[in-house]
Amino acid sequence: MTTTERRRDAERTKAEILQVAQREFARKGYAGARVDEIAELMRTTKRMIYYYFSSKEQLFIAVLEKAYSEVRAVEQKVDVAHLAPVEAIRTLAELTFDHHDAHRDFIKLVAIENIHQAEHISKSPVLANLGTPVLDLIERILAAGKASGDFVTEADAVDVHMIISSFCFFRVSNAHTFGALFGRDMTAPENRARLRKMVGEMVVAYLRGAGAADVT
């Protein structure tokens, strides 16, 4: 086997470990997931997993890095240069909605990490700066919208990101409790298109000044 083939084999093995580990951490939490059970599911050894990831904590951090990197990659699909500001921010909101809808394990992992007060994220140099690209993207959209006159609200990129993320996240993370209390499944197919449109229109309305006090 050549060096290139060995490298590809190692990358494939690591990817497979991360895929299985992500599912187990999302299902059982950080405390509940066991490396030996992950190894058994992969039909490999615990020693092999520790060869690539030195500890359970490092494996979990790698899973978080992968999950967050995937959502950041989705956000970068917004073509700010060729979309009008309103369409750009609406597209970002809808892409976030689509990603969270399709990646339920991501929602669970974020919820788990919040239970642990972000102690694992704080140990990752990769994750330390991973929020910067989306904030830069939103700032460019906001600047373009202000210049064109489409956006009148003095908005902060972090706040706009929070509006979008909170709606998309809550819909999945709180689906069971919300459904039990109000009798509506927010993740049901018949509600998807309406809610997807809602998050885009909500952030657009905010940026256009909806609800702002009249100045006389």
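The values are calculated or read from the model by the stated rules, or taken from the named source; none is laboratory data. Bear in mind the structure is a predicted one, so any value in this text is a computation, not a measurement. For neighbour counting, all protein chains shown are included, and Cβ atoms are generated from backbone atoms with ideal geometry for every residue, glycine included. Just so you know, the surface numbers come from the protein's heavy atoms only, side chains and all, with ligands and any DNA or RNA stripped out. Shrake-Rupley method; radii C 1.70, N 1.55, O 1.52, S 1.80 Å.
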Item checked: Extended-chain gain in nm, criterion 0.36 nm per residue less alpha-carbon gap, Lys28 and Arg184 -> 53.6 nm
Next item on the list: Taking the Cβ of Gln19 as the centre, find all other residues whose Cβ is under 14 Å away and add up their charges (Lys, Arg: +1; Asp, Glu: -1).
Entry: 0
Item checked: Per-residue [θ]222 nm for the chain (sum of -39500 (n - 2.57) over DSSP H runs n ≥ 4, rounded to 500) -> -24000 deg cm²/dmol
Check: If each of Ala10 and Ala118 carries a label point 7 Å out from its Cα toward its Cβ, how far apart are those two points in nm?
Finding: 3.3 nm
Notebook entry, point to check: Among Leu127, Leu41, Leu92, whose mean-square fluctuation peaks in a Gaussian network model of the chain (Cα, cutoff 10 Å)?
Noted result: Leu41
Next item on the list: Rounded, prolate or oblate: pick one for segment 102-216, where a ≥ b ≥ c are the square roots of the eigenvalues of its C-alpha gyration tensor, a/c under 1.5 means rounded, and failing that, prolate if a/b is larger than b/c, else oblate.
Entry: oblate
Check: Under a GNM of the chain (C-alpha, springs under 10 Å), which listed residue has the highest mean-square fluctuation: Arg72, Arg184, Arg90?
Finding: Arg184
Check: Extension gain Leu41-Glu87, at 0.36 nm per residue separation less the Cα-Cα distance, in nm?
Finding: 12.2 nm
Notebook entry, point to check: Over what distance in Å are the Cα centres of segment 1-74 and segment 163-183 separated?
Noted result: 29 Å
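Once neighbouring chains are kept in place and the probe is 1.4 Å, which whole percent of the accessible area of the chain is contributed by carbon and sulfur? List each step's numbers first, then the result.
Values: 6610 of 12370 Å².
Carbon and sulfur atoms account for 53 percent of the accessible area of the chain.
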Notebook entry, point to check: Whole number please: convex hull volume per residue of the Cα set in segment 128-179, in Å³?
Noted result: 96 Å³
Note to self: Quick check on my link table: of Lys46/Lys66; Lys28/Lys197; Lys123/Lys146; Lys77/Lys108, which ones sit more than 27 Å apart, alpha carbon to alpha carbon?
What the structure shows: Lys28/Lys197; Lys123/Lys146
Notebook entry, point to check: Most mobile of Asp150, Asp159, Asp101 per a Gaussian network model of the chain (Cα springs, under 10 Å)?
Noted result: Asp159
Check: In square nanometres, what is the average projected area of the Cα convex hull of the chain?
Finding: 16.1 nm²
Check: In µm²/s, what is D for segment 23-136 at 4 °C and 1.567 mPa s, where D = kT/(6 pi eta Rh) by Stokes-Einstein and Rh is the Kirkwood radius from Cα pairs?
Finding: 83 µm²/s
Next item on the list: Could you run the Karplus curve 6.51 cos²θ - 1.76 cosθ + 1.60 with θ = phi - 60° over segment 107-124 and give me ³J(HN,Hα) per residue in whole Hz, x for Gly and Pro?
Entry: 4, 5, 5, 5, 4, 4, 5, 5, 4, 8, 6, 6, 5, 7, 4, 5, 9, 9
Checklist line | Accessible area expressed per residue, the chain, with surrounding protein chains retained (probe 1.4 Å, Å²) | finding: 57 Å²
Item checked: Relative contact order for the chain, counting Cα pairs under 8 Å that sit 6 or more residues apart, in percent -> 22 percent
Check: Which peptide among 23-32, 75-84, 58-67 comes first, and what is the full order, when sorted by highest mean count of other Cβ atoms within 10 Å?
Finding: 58-67, 23-32, 75-84
